[in-house]
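Step one of this worksheet: look at the structure below.
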Amino acid sequence: MPRGDKSFTIPFQISEDLTLPKVLMETAKRYGDAKVAMREKEFGIWRPITWSHYLENVKAIALGLVSLGLKRGDKVAMIGDNRPEGLWVEMATLSVGGIAVWLFQDSLMDEVAYIINHSDAAFLVGEGQEEVDKALSVHGKCPFLKKIIWDDPKGMRDYNDPLLVSLKEVMDKGRELDRQDPGLFEKTVAQGKAGDVALLFYTSGTTALPKGALLSHYNLLTMGQNMMKVDPCTPDDDFVSFLPFAWIGEQMMSISCGLQVGFTINFPEEPETAQENIREIGPHVMFAPPRMYEQMTRTVQVKHLDSTWIKRSIFNLAMKIGYRVADLRFEKKGVSWAWKALNGLAYTLVFKKLRDHLGLSRIRNAYTGGAAMGPDHFRFFHALGVNLKQIYGQTEIAGISVLHRSGDIKFDTVGTPIINTEVRITEEGEIISKSPSVFLGYYKNPEATNKTLKDGWLYSGDKGFIDEEGHLVVFDRTKDVMILSDQSIFSPQYLETRLKFSPYLKDAWVIGNEKPYITAVVCIDYAVVGKWADEKKLNYTSYQELSQKPEVYDLVEKQIREANKSLKPVAKINKFINLYKEFDADDEELTRTRKLRRAFVENRYQDIVRALYEDRDNIHMDTTITYEDGRVIHIKTDLHIRELSK
Amino acid sequence: MSSHELGGVLLKVDDISMFFGKVAALSGVGFDVREGEIHSIIGPNGAGKTVLLNCINGLYHPQKGGIFLDSQEITPLRPHQRAQLGISRTFQKIELFRGMTVLDNIRLGRHLHLKSGILSGSIYIGKTAREEIKTREFIEEEIIDLLEIESIRDKTVGMLPYGLQKRVELGRALALNPKLLLLDEPLAGLNLEEVEDMARFILDINQEKRWKVTCILVEHDMGVVMDISDRVSVLSFGNKIATGTPSEIQTNPQVIEAYLGEEDLYATRR
């Protein structure tokens with residue numbers, strides 16, 4: 001059951017001298033070895049790292065970087081999975097006045113080269129062989145790159161490029177420098193100012209080349225404090241860091257909030273074990289994009305399809321109670337004692353176990369943001385008693401500006417502004433915001449900066465309005481709003497999220513702007529539909545073949561009919577096509593945070609779009625797919641078009 | 001691939017012959033395996049490759065000739081005695097306990113090195129506890145990490161896809177902490193990506209400072225064999241016809257003749 005927010009006040013007063021490394025030093029002094037700062041699961045065992053151990057490592061790396069020639073204002077690019085070493089290097093960079101640039105782990109070579117060059121990073125810190133390979137293959141194009149630092153020795157035995165240096169060597173150099181010049185680290189940290197640039201973060205950009213947003217220590221510190229005033233965390237809380245460090249949401253939780261509050265950050269063993277590791281930790285607070293929650297819902301739905309009749313019946317009954325109670329709470333109506341009692345029973349019988357399996361047994365606040373999330377998912381988690389909240393923000397405001405308050409959740413809104421944050425709507429309907437966390441500007445891009453920053457207001461490019469209760473409602477990116485045949489405005493994302501509530505559908509792309517009717521391009525979930533097909537004894541050898549089975553079309557049609565329910569006729573999906581592959585960030589169809597790049601797919605699949613609005617029942621595709629390692633596969637196939645009978 | 005230094009002779013197969021009835025599966029086969037090398041044994045189907053592996057690990061006892069490990073004769077020893085001396089193997093047909101988890105299968109591979117008896121084992125103190133801790137660390141910290149199977153650690157082997165079972169099989173063999181690892185067609189039945197992974201694991205096991213295991217590899221995928229082997233021996237109808245570096249073998253006229261009509265000598269999946 002959701003518990004009340006505990007109160008805890010961050011013991012730091014923001015001034016023009018306060019920086020993140022100073023916060024780290026203070027916290028390490030306060031807790032020493034008495035409290036665990038981080039935990040990493042390694043070799044099957046959770047290994048704790050205390051605050052003083054954390055600081056020691058940061059200090060060694062920081063001085064090591066100095067002895068390699070890092071100067072104040074130099075950029076250090078970083079790429080790798082979520083591990084303690086990642087945060088150490090980041091904090092080390094900040095400690096000596098450097099600027100941290102994080103790259104997404106699955107970035108392609110061109111993106112890596114572009115960001116290293118654009119940021120003129122002097123150092124690249126990669127986790128292991130994979131990252132080193134990437135770095136070595138682009139370093140010819142990156143004249144500013146001085147050293148490539150690696151950490152995991154696996155597979156690195158035959159690498160002897162003089163550009164390479166191991167993190168261990170860096171730390172040894174750092175310890176050596178510390179012996180020669182004791183107090184250097186403390187002195188360097190003391191020189192930092194709140195206004196110094198801390199992060200140079202590249203926004204994924206659904207449309208153009210990535211832009212580098214400059215964020216100061218002040219931006220990050222105020223972000224953490226203002227957010228923690230709304231939903232306080234305590235030093236006893238646990239947080240699991242499993243989303244890319246290159247995502248501002250992860251920085252906000254791990255650094256802006258985590259460091260100031262002093263809660264424990266847990267790192268999964270491997271990305272593939274994250275879900276299992278979350279369950280072992282049972283975090284108190286969680287921030288993830290909708291995909292993560294959609295995946296959890298899918299897991300439950302699939303297990304539900306698989307279980308016995310009696311279990312299904314108990315689950316269905318409990319969910320009915322949960323939904324009823326959640327709806328009463330959404331409508332801010334009182335929940336009678338009878339319903340409370342029933343809900344308590346449902347919790348004991350079903351929700352408690354279910355939440356434990358999802359790793360949500362101790363969760364106090366779960367946040368979602370970065371993309372739209374459907375009302376169906378929202379209701380699902382609230383029915384389980386998980387306090388899921390929508391947030392709204394962007395990299396340029398160091399994380400978030402708007403957030404749902406406990407007990408005041410409306411799933412068509414993103415909530416109300418956090419402390420010290422003002423949100424307005426311009427005459428054109430654009431959302432603008434002002435807060436101490438608004439960024440300094442884009443690196444080497446005054447034109448974009450001028451467009452985005454006016455009189456201290458951050459112009460988001462998003463459209464929206466503020467409703468009668470003061471909640472912000474965000475339409476999709478301006479160009480993502482559809483005008484239907486009856487001239488009404490409609491959000492394709494709304495329909496897409498409804499479709500994605502079906503466990504069988506992994507992705508959907510809804511088309512219909514200024515078109516006579518609405519259509520959808522659907523990507524089935526290979527695992528779930530594959531299993532369904534196995535049970536139906538359908539033969540298939542590939543995603544492509546499975547997606548084109550008439551039986552699968554029937555299944556998808558059923559899901560679309562379900563999503564179409566309760567929509568007005570012009571807003572109903574009329575035709576659909578099953579795509580022969582899943583949308584993929586490597587094919588540039590999704591951003592690295594897995595948002596659909598609508599303009600791109602419209603261009604890439606223009607033949608499909610055209611066919612959906614012609615009178616025909618299939619289309620021939622002849623296309624290529626590029627894999628992460630550069631392999632290119634040619635695909636030729638016929639795709640069926642299915643019209644939903646009225 | 002012979003970029004690293006090879007040591008002295010670790011295994012000596014001295015003129016061994018193996019008959020089944022009157023059929024000679026091996027006749028007078030002899031070669032040396034040097035410490036630190038990946039020594040591949042290739043040959044057309046029925047050439048006697050698996051029989052040779054069976055002789056080395058003691059499943060079969062050759063009627064003639066001798067086998068020496070570190071100059072010590074092991075010909076009369078039984079398989080478990082050879083295992084204790086540091087010879088471990090994987091099987092062409094996966095030999096795992098399908099109903100047990102990945103971790104338990106790997107632990108079982110280690111079982112030979114547990115010395116405490118039933119009595120002391122039932123009292124979990126002293127030697128037993130120390131041994132358990134050491135074994136647990138050994139298995140978890142290294143094999144699972146090396147083979148990147150963290151996410152399937154607690155899964156039942158029978159539920160896993162074939163490619164992963166092959167990996168577990170390798171982990172089970174490695175748990176013995178062997179000096180010499182016999183790999184019987186570790187790549188058979190794997191897809192391209194799995195082959196690349198497995199080849200990398202074999203190289204890691206052979207070259208990483210922690211392992212440095214000498215490997216004898218029986219394999220049909222010539223692309224991988226020629227890529228990763230230090231030396232290759234060729235069998236044909238029970239006779240060894242050549243031993244040499246991959247490039248020597250590829251140009252050896254006798255070898256080419258032996259493979260006549262079989263196109264897979266240079267066939268590769270890449």
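The trypsin sites (Lys or Arg not before Pro) found in segment B:1-106 that occupy coil by DSSP, while having at most 16 further C-beta atoms within 10 Å, are B:Lys22, B:Lys93, B:Arg98. Taking every alpha-carbon pair under 8 Å whose residues sit at least 6 apart, segment A:456-550 reaches a relative contact order of 16 percent.
Between A:Ser307 and A:Arg631, the distance separating the two model label sites (each 7 Å from Cα on the Cα→Cβ line) works out to 3.9 nm. Placing +1 on the Cβ of every Lys and Arg and -1 on the Cβ of every Asp and Glu, with nothing else charged, gives the protein assembly as shown a dipole about its Cα centre of roughly 2880 debye. Summary value for chain A: 11 percent relative contact order, contacts being C-alpha pairs under 8 angstrom separated by 6+ residues. Taking θ as phi - 60° and the Karplus parameters 6.51, -1.76 and 1.60, the scalar couplings of segment A:238-244 work out to 10, 9, 10, 9, 9, 9, x Hz in sequence order, x denoting glycine and proline. With a 10 Å cut-off around each Cβ of B:142-155, the average count of Cβ atoms from other chains is 3. Placing dummy labels 7 Å off each Cα toward the beta-carbon, the span from B:Glu148 to A:Lys229 is 4.7 nm.
Across segment A:233-338, the relative contact order, built from alpha-carbon pairs under 8 Å that are at least six residues apart, equals 25 percent. Taking every residue in A:268-274 and counting other chain Cβ atoms within 10 Å of its Cβ, the average works out to 3.
Of all aspartates and glutamates in the structure, those lying under 16 Å Cα to Cα from A:Lys35, and not within fewer than 8 positions of it along the same chain, are A:Glu26, A:Glu56, A:Asp236, A:Asp237, A:Asp238. Where only DSSP H runs of four or more residues are counted, the protein assembly as shown gives -10500 deg cm²/dmol as its mean residue ellipticity at 222 nm, each run worth -39500 (n - 2.57).
For segment A:341-424, the residue among A:Gly385, A:Thr368, A:Ile409 whose Cα projects farthest onto the positive side of the dipole built from Cβ charges is A:Gly385. Given R0 = 56 Å, the distance between the Cβ atoms of A:Arg47 and A:Asp615 translates into a calculated FRET efficiency of 0.30. Across the cross-link table entries A:Lys537/A:Lys595; A:Lys444/A:Lys595; A:Lys71/A:Lys187; A:Lys211/A:Lys434; A:Lys320/A:Lys595, which are compared at the Cα atoms, the separations over 24 Å belong to A:Lys537/A:Lys595; A:Lys444/A:Lys595; A:Lys320/A:Lys595. For chain A, the longest principal axis of the C-alpha atoms and the axis of helix A:167-180 are separated by about 30°. For segment B:21-114, the set of chymotrypsin sites (Phe, Trp or Tyr not before Pro) satisfying both a DSSP loop assignment and a count of at most 16 other C-beta atoms within 10 Å is given as B:Phe97. Scaling against 2.2 N^0.38 Å puts the C-alpha radius of gyration of segment A:291-395 at 1.09.
The long axis of helix A:337-346 is offset from the longest Cα principal axis of chain A by roughly 80 degrees. So which trypsin sites (Lys or Arg not before Pro) in segment A:65-129 end up in coil per DSSP with only 15 or fewer other C-beta atoms within 10 Å? Listed in order of number, the matching sites are A:Lys71, A:Arg72. Summing +1 for each Lys or Arg and -1 for each Asp or Glu among the other residues whose beta-carbon sits under 9 angstrom from that of A:Thr264 gives -1. Within the shell of other residues whose beta carbon sits under 15 angstrom from the beta carbon of A:Val36, the net charge comes to -3, with Lys and Arg scored +1 and Asp and Glu -1. Note on A:Leu440 and B:Arg78: the model spin-label points, each 7 Å out from Cα along the C-beta direction, lie 7.5 nm apart. Rounded to the nearest 10 degrees, the inclination of helix A:129-138 to the longest alpha-carbon principal axis of chain A is 80 degrees.
In order along segment A:414-422, phi translates into HN-Hα couplings of 10, x, 10, x, 6, 4, 6, 10, 10 Hz, rounded to whole numbers, per the Karplus curve 6.51 cos²θ - 1.76 cosθ + 1.60 with θ = phi - 60° and x for Gly and Pro. How much FRET efficiency would the formula 1/(1 + (r/R0)^6) give for B:Leu6 and A:Tyr159, where r is the Cβ-Cβ distance and R0 is 22 Å, rounded to 0.05? Efficiency computed from Cβ-Cβ geometry: 0.50. The H on the amide N of B:Tyr60, modeled in the peptide plane, is under 5 Å from the matching H of B:Cys55, each at least 5 residues off or on a different chain. Cross-linked pairs B:Lys22/B:Lys240; B:Lys12/B:Lys179; B:Lys93/B:Lys179; A:Lys506/A:Lys549; B:Lys155/B:Lys209; A:Lys75/A:Lys141: Cα-Cα separations exceed 24 Å for B:Lys155/B:Lys209. For segment A:588-604, putting each phi into the Karplus relation 6.51 cos²θ - 1.76 cosθ + 1.60 with θ = phi - 60° gives couplings of 6, 7, 10, 7, 5, 8, 6, 9, 5, 8, 4, 4, 5, 5, 4, 6, 5 Hz, in residue order, rounded to whole numbers and with x for Gly and Pro. Of all DSSP-defined beta bridges confined to the protein assembly as shown, some 60% are antiparallel rather than parallel.
Amide H contacts under 5 Å for A:Thr50: A:Ala37, restricted to partners 5 or more places along the chain or on a different chain, H placed in the peptide plane at 1.01 Å from N. In this structure, the amide hydrogen of A:Lys41, modeled 1.01 Å from its nitrogen in the peptide plane, lies closer than 5 angstrom to those of A:Arg47, A:Phe267, A:Glu269, counting only residues at least 5 positions away or on a different chain. Within the shell defined by Cβ-Cβ distances under 10 Å, the residues around A:Gly429 carry a net charge of -3, with Lys and Arg each +1 and Asp and Glu each -1.
Averaging 1/r over every pair of different alpha carbons in chain A and inverting the result gives a Kirkwood radius of 26.2 Å.
Bear in mind these aren't lab numbers, they're just calculated from the coordinates by the rules spelled out. Given the structure is predicted, the values throughout are model-derived calculations rather than measurements. Virtual Cβ from ideal backbone geometry, glycine too; neighbours counted across all protein chains shown.
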